[in-house]
Amino acid sequence: MAFFNFFTQELAIDLGTANTLIIQDNKVVVEEPSIVAIDLKKNEVVAVGTKAMQMHEKTHKNLKTVRPLKDGVIADFQAAEAMIEGLINMISDKKRFFTHLKIVICIPSGITEVEKRAVFDSADHVDAKETYLIYEPMAAALGIGLDVEAPEGNLVIDIGGGTTEIAVIALSGIVVDQSIRTAGDEFTTDIIDYLKKEYNLLVGERTAEEAKIRVGSAIEDLVNPPDAISVNGRDLVTGIPKQIEINHKDIAKALDNSLRKVEESVLKVLEDTPPELSSDIYRRGIYLTGGGALLRGLDVRLSRITKLNVQVAEDPLRAVVRGTGMALKNSSRYSFLMDRKNI
Ligand SMILES: Nc1ncnc2c1ncn2[C@@H]1O[C@H](COP(=O)(O)OP(=O)(O)O)[C@@H](O)[C@H]1O
Ligand SMILES: [Mg+2]
């Protein structure tokens, strides 16, 4: 296989705040949490992705874990570059000596010019010869299978780790766009706060995230709710480890405030949408993607507030990387969707 890839190697990368995915030859070859572990004494990256995540919140004074992307922006440039390099190097089939490496990277739409340059620099470090950047809502729309070039409006909501991006797309452009920092990470923090307040229980980020995934819900009146689960943490009063039981209603209550913020932004985007596009959206409904789309009952909740049909994309955690892969494969057709740097 390596032989056939001798001259060009093409990679599509979804650089997410929570997860980074890479597609090569139409296959997802990397799907890892966006995190690195750094040895502070040697100032060296010791692990990336899942391995680094296993160390998260369990580190000591010579070791720290960093999530280089936070709130949809690159919070730590050096760590971001190290992570991108580390993840690309995970691809086993990397005979890159004589290859022409072409990369399309999907970036959060709130990224600044300086941050963009940092992403381009990371691509330089892995010897990319051609690098393109594509904005997340566009990649998400492509990945969902929408015709982004049509003179027709589509409303896409991508709820990732750091940001929720709400965009109306038509004629290959983003017509109206809102990016808010209320997304998966904040939902997780909401659960930590709720357990503190309601049960005097202090839990870590990973426990809270697991609870969100296992019994998470956006509404209390869920049809077919999951069974309650037990969560472990530290009793805030006694300081002793403790276990309690929680269910989907707890999570719905914990997330209510944040979900209201998401609703407000969706309503704002609908309000700012030109009327001809509104009528398209009325007919076509709303598409939900990103890991947050997996929250039970979120489609129902958004449908109740907007009175529109809400559809969860197939495999929402991978829609963006699939769309980025499509942009890569058809880079001449979709060139206007991307920023390019040639070396
Ligand atoms: N089943 C689920 N229910 C609710 N949230 C989920 C579920 N699965 C993943 N998530 C959340 O989705 C977010 C990651 O989504 P992703 O689209 O990969 O984000 P990003 O694009 O920012 O990397 C995380 O906050 C994660 O906790
Ligand atoms: Mg994403």
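Bear in mind these aren't lab numbers, they're just calculated from the coordinates by the rules spelled out. Since this is a predicted model, take the numbers as computed values, not measurements. Positions of Cβ are generated from backbone atoms using ideal geometry, with glycine treated the same way; all protein chains shown enter the neighbour counts.
Just a few scattered comments:
- Gap separating the Cα centres of the stretch 253-284 and the stretch 110-165, nearest whole Å: 21 Å
- Annotation: extensible slack from Lys197 through Glu263 equals 21.3 nm (criterion: 0.36 nm per residue apart, minus Cα-Cα distance).
- Centroid-to-centroid separation of the stretch 285-343 and the stretch 198-229 [C-alpha atoms, Å]: 25 Å
- Taking the centroid of alpha carbons for each part, the stretch 19-34 and the stretch 48-89 are 16 Å apart.
- Relative contact order of the stretch 31-166, defined on C-alpha pairs under 8 angstrom at six or more residues apart (%): 19 percent
- Loop-resident sites, the stretch 244-325, for GluC sites (Glu not before Pro), counting at most 12 other Cβ within 10 Å (DSSP): Glu314
- Longest exposed-site-free window of the chain, the sites being chymotrypsin sites (Phe, Trp or Tyr not before Pro) in a DSSP loop that have at most 15 other C-beta atoms within 10 Å: 99-343
- Partners of Lys268 within straight-line reach, counting lysines whose Cα lies under 30 Å from its Cα and excluding those fewer than 8 residues away in the same chain: Lys70, Lys116, Lys212, Lys249, Lys253, Lys307.
- Working note: 222 nm ellipticity from helices only, DSSP H runs with n ≥ 4, each -39,500 (n - 2.57), summed and divided by the residues of the chain, gives -11000 deg cm²/dmol to the nearest 500.
- Cα-based shape type of the chain, given that a ≥ b ≥ c are square roots of the gyration tensor eigenvalues and the cut on a/c is 1.5: oblate
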